[in-house]
Structure formats: structure tokens, C-alpha cells
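Enquirer: Before we start, here is the structure in question, set down as C-alpha cells.
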Amino acid sequence: MCFKNLPIEFDASGKAQLRAGVENPYAVSSNPRKGYVRRRSGPGAQLAAPPRLREWSIDPMTRVAGALAIHTVLDLESRRAVECHARAMLFRGYEIILQGRDPRDAIDISSRACGVCGGVHATVSALCLEQLFGICAPPLGVEVRNLGEAAEMFYDRPLHLGLLAGPDYSTSLVSVTNPELVTRAEKTLAPNADIHGYTTIKDIMDAMNPLTGKIYLEALEWTRVGRIMCMLMYGKFPHPSTLVPGGVSTTITTSSFNEYYAQLGKIIDFAKVIPRIWDDVCDFFLESNPEYERVGARTANIAQTGIYDNSQVYDATYANCDTWGNARWSTPAMIIDGKLVTTNLTDINIGFEEFVDHSFYEDWTKTGPQKFKTDPLGNPLSPYHPWNKTTIPKPTATNFRERYTWDTAPRWDRKAIETGAYGEMWTIALAQKIPDNPFFESTGDGVRMLLPRHALPETELMWAVPRTLNAFERNRGRAYAIPLVACIAMNCLLQAFEYWRAGETKVHTPFRIPKDHRIGVGFWEAARSWLVHHMEIDKGKLVNYQITTPSTLNASPTDPWGGLGPYEECVVDTPLLESVPEDQIKGIDVLRAVRSLNPCMPCTTHMDTGRGVIVREVNSCGCTFE
């Protein structure tokens, strides 16, 4: 059974239908949020007993974007976080901007939804338009798109590991929060020193120091290589203008592929090293104190929409999306309670809902009748599904019992779901749907990869599904996702060479904009994974456009049933493992928990520790303030 909470069942032919006899199948009954410790609501509210609770907030959060705030309460008696509210602080309104426009505008406008990964938004928008226009990219066009997106991952993932999450494990920060770990790291030999060249764990931690460390600085160079590869397929990056319905408009030559291959060789060598660095770091912390396994831990409820189409199977249609989705090099999937429940894109789509009970939006279900009771195949849809959604901003004062964020609360089968590069590893491992190829395979409990010889010798890597989903395993999984994508890129490049040699050099299919009423959906993944655009057109214009991004899922607020969003769940019950006196606690483990989900928001950290706001000019980490 795919669904446990939604009253959806499947007939003998596999078609979804609502369970008979359920009077109001999508009814929502609100429950109070679990675990309040506040007397009043809102930032700075007086705290309830016991007296050793401290309000601890980061506003804005992360080293990437300044539109996320994390408000927490720390219990200094039990040394753990006991409350968390994740707040998306910025309304940008792309869905509203796109209403009434030419559908083709969606590609360029939606790509600006993120300055880090605009290529994926342009791609998923183009995929949605292909579905609406009834066209499909030529096989080589599909492979060029795959290669461009692989390159975008090579740009983004070293950025996170080197510049965004890495400093949380650096000597400069750990020496402030846990000086005994630095002493131990100095005496601990790195198990993979022969591969990455760092003799001790402290050598690795030194290399992770912000602004000066070798790993930190090298990450900048690897992001440059990724951007070069994107440019070779897309013409420019970021925000490529060559991604169009029906493929790409780039002028592709033999040199394009040869130069891409030259850069891919460099990435392949990097991919042999970076997982071993993170193996050594993660294992050191977990062995030094097993309590680190609880940092950022939550039940493995993971959502992936899949990426990298099989050019011999993909046909762009919604009718066949389960077939071409399951043929992707990275499998779409829903993992609930650590178990694989479906890999079908139609199941993923019809089980998805968004709620706004704690968001700065009007509930659109109360403003008019439900537009779509079913998807184009007749599968039932919730009134809270994106095809039925209307974005209606409703800003109010922040109140943690009521509304406190510009994010919505996406749920699948009414469960909070997270997404990330580690989820890509997880779903490939469990689904075991990868076709035979020379470079990687799923084993049911992991992913085995064989990276070909370049400057470094041929190397085999094995990522195993961890027993706990926590901050350390998210970062480890993200490091292993780099060699995974290198293996996928090799497969796509070899296929592109085959098409090129056979004279199949077409990369774009012409199209006309239909004038009738249609709905469509694009399924793809960003560097942080899940990425879906839902679209409605009529008379050649956009009627409705809805975007759900990885951070829409991960940063989501409390749902109507009182369940927390993924950031919030990761923080609550995270232990405070700093060895310093309580008046010197910096909350580094809370930061590690949230940053492990790779929030997509800009720099400069403001911290409210209950004694004021600390503003950091250097975009490294607020943990270093005196």
C-alpha cells in the first residue's frame, strides 16, 4: 500500500481512486503544535519554566542566503534543543509574476528563483512546457541537458562541502566549542591519508578553516570547473538562456564534448578523494562521542523526483511519466520510515499537498471551488495540491502559534519529507532500477561506483545506507553524490558520443504554443534535490504557475496536525555537545543540524542569544564571536 494517511487505494489495474465511503477524503483537522515552551508567541517572548531555558536564534541562517531564520530554545539542564521554528523571511512572488505571461517566459523568469542553481529551474520549466506543448527533445538534446545538469551539481556540491558546511568541522570553530576534540584530532591518524594526503584528522580540520584552509580554497576552484562545464553545454552559466522547450538552442560541436570530457576527468579525480575526506571527518566525530549520531537526526522520510533522463525512453508525456521516470539515472522515490514505498512519479504527484496554516498566505481552498479533482490520467487530487493552489500573500505579525513564515508546509501522504543529495544515494540504493552500465550499480543496501583512471588510478567506492539519518550522514552522502554524478556524466557522455558518431546531431524540436486549456508538471532535481514546477495554460498564456523547491520542503513550518517541518525536527532534541561552560555555548550542533540540509539562503549571520543581536561581517560562522 503506497498511502497510509490519504484515503487513496489502487484497483486491480493499478489505477488510483478514492476509498469508497469516505465522506470528506481530504478533510483537515487542526491540532496544536507539539512541545511549546513559550508563555507568549513571537520572537523574544518570555519563556516558561524551567528557568534554565535560553532563547537562541540565528537570523539570517547559513552562509548562502539571508532569507532563513532559525528560532530555537535550548534547555541548558538537559543540554539539548527543545523547540525550533524555521522562518523563511522573504516573499518573492514568482508564481504571481508569471501569471498571464507567455509560457516561454517561465524558463528565464523561474531560473531567477535561485542565483545558485538557475539551470535546474530553467530545465524543469522546459520539461513542463514540453509536456504541455506535446513535444519531446531529440535524444542528443536530452543528453546535452543531462550533461549540463551534471555540471551544475559539480559546481554546487563542492561549494556546500567546502564553504558552507565544512567550516563547522574546522579547527577554528571546534577549538572554540570542543577544544578537547582538536587535541584528540592532532593525535589521530587519518585512515585515508594515502588517498587525500592529510596525515591526521587535525590536518583535515585545519584545511577546512574558513577563508584560509586548503579544502575551503580548493572548493572555489572546483566550482569554477563546474561552471566551465555548464558553459560548454549551455553557452553561459548561471541563468542559461539556451534551455528551451524541446531541448537546447546551444550550438554543439565535437569540441564541446571533447572539452567537457577534459574537465570531467579533473572532476573524476576530485571525486575519488572528497568522499574519503568526509569519511575520516564523520567517523572521527562519531567515534569520539557517539552522541553526535543524534545531531540533526530524524526519521528517514525522504522525497526524490529523479533526474537525468534516459534518452531512449523519455517522451515528455504525463501519461508515460512512470515509465520514463523509473528509467532515469537517478530514480524518483518516496522513502517513508526508511522504507521505499514508491518510485512512480504519478504516486509522488497525487500524494503531494501544501498547507498554509502557519504561513503568511490565504488558504485558497476557502476562496472558491476546487479546480481539478483529478490529474490528466484520472487519479484523485487533493484541494491542497499545487494544481489547485493559488498564491495569495497574507502578511501578518509573526506569531509562533499562528503564522510565522513565508514558506508553505508541503507534505506527502501528510508526512513531513526532506530531500537532498544523500536522498539521491538512498533511493538509488533501495530502488535498484539502474540499468547495467560500466560505472555504478545499486546493491539494495548501498551504491557501488567505479571511477575510471585519469591522473589518479581507477578507484572503487562504496556508499552504504546509514542506520541513522543525521547531520554527519547527510554530509557524507553529499560527498559520495559527487562520484555518483561523475559516473552518470560518463554514461551520458558516452551515449552522446554514440549519437554524434551516428549523425544524430539534432538537439532541439520545433514547437507551437497551444491555445487550448492544459495542465502540466515538470519533475527534476536541483543540487539539493526535489524540484517540481506545476503549470496551467489557456489561450496561449500562463494561468497558474507553482514552484516547489528543496528548501520549500526542508524549511517548511508546522503543519495543521502539529507536526514540525524537517529543519525544526532536526533541531528539536539535538544534543548540545560543546564542552565549554553553559554561558559560552555557541549552539554549533544546532547549526550543524540545519546546515546539513544545505539551506538555500544568502550570507552574514545575525545571532540573537537572548542578550542582543550579533552581526558578523565575515561570512564564516557566528560561532567564532567573542
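The values are calculated or read from the model by the stated rules, or taken from the named source; none is laboratory data. Owing to the predicted nature of the structure, the values given are computational and were not obtained by experimental measurement. Don't worry about glycine lacking a Cβ; one is built from the backbone with ideal geometry, like all the others, and counts go over all protein chains shown. To get the accessible areas, we keep the full protein, side chains included, count just its heavy atoms, and leave off ligands, DNA and RNA. Shrake-Rupley method; radii C 1.70, N 1.55, O 1.52, S 1.80 Å.
Enquirer: Over the stretch 446-596, what relative contact order in percent results from Cα pairs under 8 Å that are six or more residues apart?
Expert: Contact order relative to length: 14 percent.
Enquirer: Grab the other residues whose beta carbon is less than 15 angstrom from that of Tyr155, score K and R as +1, D and E as -1, and report the net.
Expert: Taking every other residue near Tyr155 into account, the sum is +1.
Enquirer: Quote the accessible area belonging to Met231 in square angstrom, nearest 10, computed with a 1.4 Å probe and with ligands, DNA and RNA left uncounted.
Expert: Met231 has an accessible surface of roughly 80 Å² with all protein chains in place.
Enquirer: Helix by helix, which DSSP H runs in the chain go 27 Å or more along their axis at the Cα atoms and have an average Kyte-Doolittle hydropathy of -0.5 or more? Present the calculation step by step, with values, prior to reporting the outcome.
Expert: Working: long enough: 139-159 (31 Å, -0.18); 214-234 (30 Å, 0.48); 254-288 (51 Å, 0.07); 471-501 (45 Å, 0.22).
Those that clear 27 Å and a mean of -0.5 are 139-159, 214-234, 254-288, 471-501.
Enquirer: So what's the net charge close to Ser442: Lys and Arg +1, Asp and Glu -1, counting the other residues with Cβ under 12 Å from its Cβ?
Expert: Numbers: positive: Lys433, Arg448; negative: Glu424, Asp436, Glu441, Asp445.
Once positives and negatives cancel, what remains is -2.
Enquirer: Hey, another quick one. Run the paramagnetic zone check for Arg512: 7 angstrom along Cα to Cβ, then residues of the stretch 123-154 with backbone nitrogen under 20 Å.
Expert: 129-138
Enquirer: Give the lysines whose C-alpha is closer than 25 Å to that of Lys539, dropping any in the same chain fewer than 8 places away, or say none.
Expert: In chain and number order, the partners are Lys371, Lys373, Lys389, Lys515.
Enquirer: A further question follows. If you average the C-alpha positions of the stretch 99-134 and of the stretch 239-306 separately, how far apart do those two centres end up, in angstrom?
Expert: First find each Cα centre; the distance between them is then 23 Å.
Enquirer: Rolling a 1.4 angstrom probe over the protein heavy atoms, how many square angstrom per residue are accessible across the chain?
Expert: It amounts to 35 Å² per residue over the chain.
Enquirer: Would you please give the FRET efficiency between Arg52 and Lys214, computed as 1/(1 + (r/R0)^6) with r the Cβ-Cβ distance and R0 = 41 Å, to the nearest 0.05?
Expert: In this case the efficiency is close to 0.50.
Enquirer: For labels at Ser255 and Asp583 in the simple 7 Å Cα→Cβ model, what's the distance in nm?
Expert: For the pair Ser255/Asp583, the computed spacing is 6.7 nm.
Enquirer: When ranked by the protection proxy of mean other Cβ atoms within 10 Å per residue, highest first, what sequence do the peptides 559-570, 514-525, 142-153, 387-398 form?
Expert: Descending packing order for the listed peptides: 142-153, 559-570, 514-525, 387-398.
Enquirer: Can you pull the accessible area of Tyr422 for me, 1.4 Å probe, Å² to the nearest 10?
Expert: 0 Å²
Enquirer: Quick check on packing: order 296-305, 443-452 by the mean number of other C-beta atoms within 10 Å, highest mean leading.
Expert: 296-305, 443-452
Enquirer: What accessible area, in Å² to the nearest ten, does a 1.4 Å probe give for His454?
Expert: 90 Å²
Enquirer: Related question: Taking all protein chains together and a probe of 1.4 Å, list Asp269, Asp357 from the most accessible to the least accessible.
Expert: I get Asp357, Asp269, largest accessible area first.
Enquirer: Also: Around Val543, which amide H atoms from residues at least 5 apart in sequence, or from another chain, sit under 5 Å from its own amide H, with H modelled in the peptide plane?
Expert: Sorted by chain and number, the residues that satisfy this are Gly100, Glu536, Ile537, Asp538.
Enquirer: Do the sum for the chain: with -39,500 (n - 2.57) for every DSSP H run of n ≥ 4, divided by all residues, what is the mean residue ellipticity at 222 nm, to the nearest 500 deg cm²/dmol?
Expert: Counting only the DSSP helices, I get -10000 deg cm²/dmol.
Enquirer: Report ³J(HN,Hα) in whole Hz for each residue of the stretch 344-353, in order, from the Karplus equation J = 6.51 cos²θ - 1.76 cosθ + 1.60 where θ = phi - 60°; Gly and Pro get x.
Expert: Working through the residues one at a time gives 8, 5, 5, 4, 4, 5, 6, x, 8, 9 Hz.
Enquirer: Please grab the % of Cα pairs in the chain that end up more than 32 Å from each other.
Expert: 46 percent
Enquirer: Of all the accessible heavy-atom surface of the chain, with the other protein chains kept in place and a 1.4 Å probe, what percent is carbon and sulfur?
Expert: Using a 1.4 Å probe with all protein chains present, the chain comes out at 50 percent carbon and sulfur.
Enquirer: Here's a follow-up. Kindly rank 526-537, 583-594 from highest to lowest mean number of other beta carbons found within 10 Å of each residue.
Expert: 526-537, 583-594
Enquirer: Given 37 °C and 0.692 mPa s, how large is the Stokes-Einstein diffusion coefficient of the stretch 159-212 in µm²/s, with Rh as the Kirkwood radius over Cα pairs?
Expert: The Stokes-Einstein estimate is 294 µm²/s.
Enquirer: Relative contact order, percent, of the chain when contacts are C-alpha pairs under 8 Å separated by at least 6 residues?
Expert: So the answer I get is 24 percent.
Enquirer: Next up: What do you reckon, how do Thr183, Thr212 stack up by accessible area (1.4 Å probe), largest on top?
Expert: Details: Thr183 70, Thr212 105 Å².
Heavy-atom accessible area, descending, gives Thr212, Thr183.
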